[in-house]
Each structure stands twice: as C-alpha cells, then as structure tokens.
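To keep things clear, I will list the structure first and then write my remarks on it.
The values are calculated or read from the model by the stated rules, or taken from the named source; none is laboratory data. Since the model is a prediction, treat every value here as computed from it, not as a measurement. All Cβ positions, glycine included, derive from the backbone under ideal geometry; neighbour counts span all protein chains shown.
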Amino acid sequence: MAPTFDELASAKYVLLTTFRKDSTPVPTPLWVAAEDNRLFVWTETNSYKVKRIKRDPRVTIAVCGKRGQPDGETVRASAEVLGEEGTNYVRGLIAKKYGATGWLLVKGSLLRRGRRGTIGVAITLDDSNVTNEN
C-alpha cells in the first residue's frame with residue numbers, strides 16, 4: 001500500500017528518485033521535513049539530483065532506511081528547486097525536526113559551503129496516489 005503523506009512526513013529518511021535523460025532512475029536517501037502539504041529536502045546545490053530536477057521535475061518518493069533501502073511502495077510527485085528564501089526556510093525545518101543533530105549539520109554546512117552551497121527542494125505529491133491520515 002502506498003504511504004500516506006503523514007507517513008512520508010514523519011519518516012526519518014525518504015528515498016527521492018530523480019530520472020536521467022534516458023529515464024534511468026537515480027534514488028537518493030535524504031532527510032525530510034513537511035509543512036503545508038509539501039515535503040522538503042535539503043541537498044548540495046551542485047548535485048546531479050538538482051540538475052535532474054531542474055530539467056525534469058517528475059520524481060518518486062518512498063519511506064526508506066538510512067542506507068536507502070525502501071520500506072514500502074513509492075509514490076509519484078513533482079519537485080521544485082527553491083530560491084534563497086525557500087532554502088533558508090527548509091534549513092530551519094530540517095534543524096527543527098532533527099534536533100541537535102540537524103542543527104549541527106545545517107550550521108556546519110553553512111560554515112563549510114556557505115549559503116549557496118546547499119539548496120532546498122519542495123516536493124508535492126501527486127493527488128492520485130496519496131492521502132492524508134487527518
């Protein structure tokens with residue numbers, strides 16, 4: 001059974017799959033935070049997943065373990081690379097959800113990479129394949 005929005009939002013890790021030009025799937029485990037019926041992830045600005053999302057916003061997402069092993073079905077979604085303000089917002093959401101560890105990683109990344117070294121991504125689930133538990 002496909003995970004609900006709430007299951008994805010409360011997961012410690014999600015498996016975000018982007019697609020190469022030849023449609024080859026490229027899965028990546030990431031931390032996730034949620035607000036206003038959207039999921040948010042945070043990644044390196046120059047990563048290939050960001051380049052793939054900019055080219056093709058279609059993605060899939062699933063609950064997974066730390067090493068990316070899926071824990072159930074995937075759902076279709078679309079992703080949007082955020083600007084500076086949105087990225088700052090995502091950093092705050094990640095730091096809040098993951099506590100001291102999240103805060104330390106966000107601050108450490110800012111020191112190491114600067115503000116433009118990482119970027120936020122908003123993920124909107126396709127209405128046809130997931131529901132809220134509310």
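Observations on the model:
- Selection within region 40-60 - in contact with a helix residue (DSSP H, G or I) (Cβ under 6 Å, 6 or more places away or on another chain) and at pLDDT 95 or above: PHE40
- Listed by first and then second residue, the pairs linking a residue in region 109-134 that is surrounded by fewer than 14 Cβ atoms within 10 Å (Cβ to Cβ) and among the acidic types (Asp, Glu) to a residue that is at pLDDT 75 or above and outside any helix (DSSP H, G or I), with Cβ atoms under 9 Å apart and 6 or more places separating them unless they lie on different chains, are ASP126/VAL75; ASP126/ARG76; ASP126/ALA77; ASP126/SER78; GLU133/THR4.
- Within region 17-37, the set of residues being in contact with a helix residue (DSSP H, G or I) (Cβ under 9 Å, 6 or more places away or on another chain) and within 12 Å of ALA122 (Cβ to Cβ) comprises VAL32, ALA33, ALA34, GLU35, ASN37.
- For beta carbons closer than 7 Å, sequence separation of 6+ or different chains, a first residue in region 44-57 that is without any contact (Cβ under 8 Å) to a residue 60 or more places away in the chain and a second that is aromatic (Phe, Trp, Tyr), the qualifying pairs are ARG52/PHE19; ASP56/PHE19.
- Region 95-134, residues that are at pLDDT below 90, in a helix (DSSP H, G or I) and closer than 16 Å to VAL14 by Cα: GLY102
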